[in-house]
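Peer 1: For reference, the structure I am asking about is given below.
The values are calculated or read from the model by the stated rules, or taken from the named source; none is laboratory data. These numbers come from a predicted model, not from an experiment. Positions of Cβ are generated from backbone atoms using ideal geometry, with glycine treated the same way; all protein chains shown enter the neighbour counts.
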Protein chains: 2
Amino acid sequence: MVNASAQGVIEAARHAGVSLCAARHGLSGLHRGELLDLDAVPQRQWQQLSTLPGTCFGASREMLPPYNAAPETWHQLRDVLCGAGIGTVLLNGGNGSMTIALRLTEFGQRLGYPLRVIGIPKTIDNDLVATHFSPGYPSAAKYLAASVRELALDVSSLGPGRVMLLETMGRNAGWLAAGCAAAARHPGDAPHLLLLPEVPYRPERLLDALDTCLRRHGHAVLVVAEGVRDDNGLLLAEQPYTPGSPFQQLGGAAQRVASYLAQQRGLHVHVAVADCLQRAARHLVSALDLRLAQAAGRTALEWALQGQSGVMVGLRPARGKEDWEMAAVALADVADAERLLPASYIGADGFSVSPDFLDYLRPLLQGEDWPPFADGLPSYPSLQWPLLRWQ
Amino acid sequence: MVNASAQGVIEAARHAGVSLCAARHGLSGLHRGELLDLDAVPQRQWQQLSTLPGTCFGASREMLPPYNAAPETWHQLRDVLCGAGIGTVLLNGGNGSMTIALRLTEFGQRLGYPLRVIGIPKTIDNDLVATHFSPGYPSAAKYLAASVRELALDVSSLGPGRVMLLETMGRNAGWLAAGCAAAARHPGDAPHLLLLPEVPYRPERLLDALDTCLRRHGHAVLVVAEGVRDDNGLLLAEQPYTPGSPFQQLGGAAQRVASYLAQQRGLHVHVAVADCLQRAARHLVSALDLRLAQAAGRTALEWALQGQSGVMVGLRPARGKEDWEMAAVALADVADAERLLPASYIGADGFSVSPDFLDYLRPLLQGEDWPPFADGLPSYPSLQWPLLRWQ
């Protein structure tokens, strides 16, 4: 949905006659002064942006340290901003990006460089506070719930005793795993057991729950969040090697659980790991998600033109209407804050979600937006952005 | 595609006014005399069959042993066939199912029970001989190739040094892994390296190829077939525990390769495991696959009515036309035979496919056939089949 928001930004900028560039690979590109000239891009090109998965300008995992920790970084950044004549920065991302956005708001105060900064939410993890949801999440949840519905039909047709596990992303938050619950239409439908990061993993309890499930339904579909932790707060699994990254890479929890269940019960256990598929699957997105990601981008630019700064675009359902509204949220309230699945959204057994969660989720999944297909496959355009010559 | 073929069979039976039942869970259900009364099902119900993933009558992994190994099994089966008045059996599946079909053709000779038997090909592994392709394969390949195209856009946007692995099914055959190659439109596009079961896995060679790829493209997308073996013919990975099954369950090869690459090169490596998703993803099928699966079912029934037996419906492109034709293939030629990816379909480097393979594959992926959606998710009907009272 980064691309959809970018499309919204470009659209609003064209409409307002404002000059626009994009930092290649976000903060990393800004540092190096690698700016893409969006003014030079014809309309038919940027209008295809929202049909693309991924992040067409490139993503960054670099973090902007506080001024006192690395003043040279700040001066370097100011030189680029100043040199390219940039007065406003829009940042699209999760809580890491909002922390960068917050720090950028200090530019005027620290360096005498007046910079307007607006955050645009986007994270499939859905763990940003102060927004009803983060663009990206509804589409990932839709893909996962559709996949669970399909896996359930597959596994149930294989006869009794089959167990299927699907591992979801989401880091410390269970939103994506919980999202799979939308697959169920009737009591007893898959997914049967959710392993959420918010609920400590107790193998014996899981085994009991699985036994009950197999007795009742003959088969079981389990969803395992990558961030599941045991009673001591230890992750069930991490990837073996992740050098030089501020983030520990998760993954492997479902395989860990599957091996345990297979050994304890002598069962056929299958494991699917959606990994990046769940955020890249442009072929199966929520039309609502796409529309609001675009709207968030447009809003961010409009707010910047109105002189706002230091805020993130928060999405919330408009009262008494079928539509949505955008509310300015202080970046200070969002940066570094992590919204886990609230207790009221988790079922009493710890392996399910509450009806309240489903009421929250279902409206977010609405509508399809197929990409164009050619030769039997989604036909994603190959977009080229010229470098801005500002130096 | 089992459901699509079943729909074709039902359609042809209705058309011919022939009575039809289905064995619940295939051979296992036939043994137990669990037969479903398809004559009692209204048209609006069976016409929805092809919109369903999985196998709506249930699958079986049971094998029919040779007569001399288990005569009582054969007598039991004859009692059910005789009791229910069944003169024709249509079997839908891969080489295991065709072996069962072949053995069933001996019924007349062994037990004095005249039985007509027709095989209908269906396996995402595409490893049946004597048919241009097996229904199920094109759709699974389409899903995988679309996924690779999406993963590639995701991983390339993350910046240099990223490696993404996708594990595919296919047992000993590399058709599914090779199918991912359709994702590439231009030289250098993902997938960059395919690890096929037909090519022995040599870690050092892979490392060299990966280095070259990262130098050239900055990132790499690898496809790892679950059935990859080393120089000694040993599988890279199997699932730890698979009791009581004639089939060793594979899976885990990609994670094995990923750990090796991460350790050797200190890279960020992501692993997605499509597992059953690749055969259950009804939301993204090949329309050609669906149409020919239905046609294979219709043909099987028509052939049976013409008195044919002991054959499988082989699919082949009609010469000089845009269409397909069905050719009867002796079950004896198909049963237990396994069609691996031929050498002419494998690229000279061992990590790619040849242009000939892409010429083979691309026509198979054509056309989309979306299932109905409701409330943001694919709306798969819940079909009920009444039990046949024959005892």
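Peer 1: For residue A:314, are the conditions met, namely being on the phi > 0 side of the Ramachandran plot and either surrounded by 17 or more Cβ atoms within 10 Å (Cβ to Cβ) or β-branched (Val, Ile, Thr) (or both)?
Peer 2: Judged against the criteria, residue A:314 is not a match.
Peer 1: For residue B:187, work out the one condition from (1) under 13 Å from residue B:352 (Cα atoms); (2) assigned to a loop (DSSP other than H, G, I, E, B); (3) under 18 Å from the mean Cα position of the chain (by Cα) it doesn't fulfil.
Peer 2: (3)
Peer 1: Oh, and also: From the set of residues in region B:314-330 that are over 20 Å from residue B:173 (Cβ atoms), touching a strand residue (DSSP E or B) at 6+ places or on another chain (Cβ under 8 Å) and not acidic (Asp, Glu), which is modelled with the lowest pLDDT?
Peer 2: Checking each candidate, the answer is B:318.
Peer 1: Scanning for something at pLDDT 95 or above, closer than 20 Å to residue A:139 by Cα and within 12 Å of chain B (Cβ to nearest Cβ), does region A:216-224 turn up at least one residue?
Peer 2: no
Peer 1: I'd like to verify a number: residues in region A:353-383 that are closer than 30 Å to residue B:361 by Cα and in contact (Cβ under 8 Å) with a residue 40 or more places away in the chain, how many? Break it down stepwise before answering.
Peer 2: Kept after step one, since they are closer than 30 Å to residue B:361 by Cα, are these residues of region A:353-383: A:368-383.
Those still in the list that are in contact (Cβ under 8 Å) with a residue 40 or more places away in the chain too: A:368-372, A:378, A:380-381, A:383.
Going through region A:353-383 one residue at a time, the tally reaches 9.
Peer 1: Only one of B:377, B:341 is within 14 Å of chain A (Cβ to nearest Cβ), modelled with pLDDT of 95 or more and crowded, with 18+ Cβ neighbours inside 10 Å; which?
Peer 2: B:377
Peer 1: With the checklist (1) in a loop (DSSP other than H, G, I, E, B); (2) out of contact with any His (no Cβ under 9 Å at 6 or more places or on another chain) in hand, flag the one item residue B:153 doesn't pass.
Peer 2: Looking at each condition in turn, residue B:153 falls short on (1).
Peer 1: Tell me which residues, restricted to region B:225-242, are closer than 30 Å to residue A:379 by Cβ and away from every other protein chain (no Cβ under 14 Å). Give the derivation first.
Peer 2: If we filter region B:225-242 for residues that are closer than 30 Å to residue A:379 by Cβ, which is where we start, we get B:225-226.
Within region B:225-242, B:225 is the sole residue that qualifies.
Peer 1: Does residue A:279 satisfy the criteria of being of a type in the set (Lys, Arg) and surrounded by 21 or more Cβ atoms within 10 Å (Cβ to Cβ)? Write out each step before concluding.
Peer 2: Details: of a type in the set (Lys, Arg): yes; surrounded by 21 or more Cβ atoms within 10 Å (Cβ to Cβ): yes.
Judged against the criteria, residue A:279 is a match.
Peer 1: Consider region A:22-37. How many of its residues are crowded, with 22+ Cβ neighbours inside 10 Å and small (Gly, Ala, Ser)?
Peer 2: Of the residues in region A:22-37, 3 are crowded, with 22+ Cβ neighbours inside 10 Å and small (Gly, Ala, Ser).
Peer 1: Something else: Within region A:283-320, can you find the residues that are part of a helix (DSSP H, G or I), hydrophobic (A, V, I, L, M, F, W, C) and closer than 18 Å to residue A:123 by Cα?
Peer 2: Scanning region A:283-320 gives A:284, A:287, A:288, A:290, A:292, A:293, A:295, A:296, A:300.
Peer 1: When the residues of region A:351-374 are narrowed to those that are assigned to a helix (DSSP H, G or I) and in contact with a His (Cβ under 9 Å, 6 or more places away or on another chain), which ends up farthest from the other protein chains (Cβ to nearest Cβ)?
Peer 2: Residue satisfying both the conditions and the ranking: A:360.
Residue-wise test of (1) over 22 Å from residue A:275 (Cβ atoms); (2) within 12 Å of another protein chain (Cβ to nearest Cβ); (3) small (Gly, Ala, Ser).
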site	(1), (2), (3)
A:139	no, yes, yes
A:142	no, yes, no
A:151	no, yes, no
A:177	no, no, yes
A:181	no, yes, yes
A:188	yes, yes, yes
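Peer 1: Further question: Inspect all residues belonging to region A:156-176 and state whether any of them is outside any strand (DSSP E or B), within 26 Å of residue A:355 (Cα to Cα) and over 21 Å from the mean Cα position of the chain (by Cα).
Peer 2: The answer is yes; a qualifying residue exists.
Peer 1: Name the one entry in B:50, B:60, B:19 that is surrounded by 22 or more Cβ atoms within 10 Å (Cβ to Cβ), polar (S, T, N, Q) and in a loop (DSSP other than H, G, I, E, B).
Peer 2: Working: B:50 fails: in a loop (DSSP other than H, G, I, E, B); B:19 fails: surrounded by 22 or more Cβ atoms within 10 Å (Cβ to Cβ).
Exactly one residue qualifies, and that residue is B:60.
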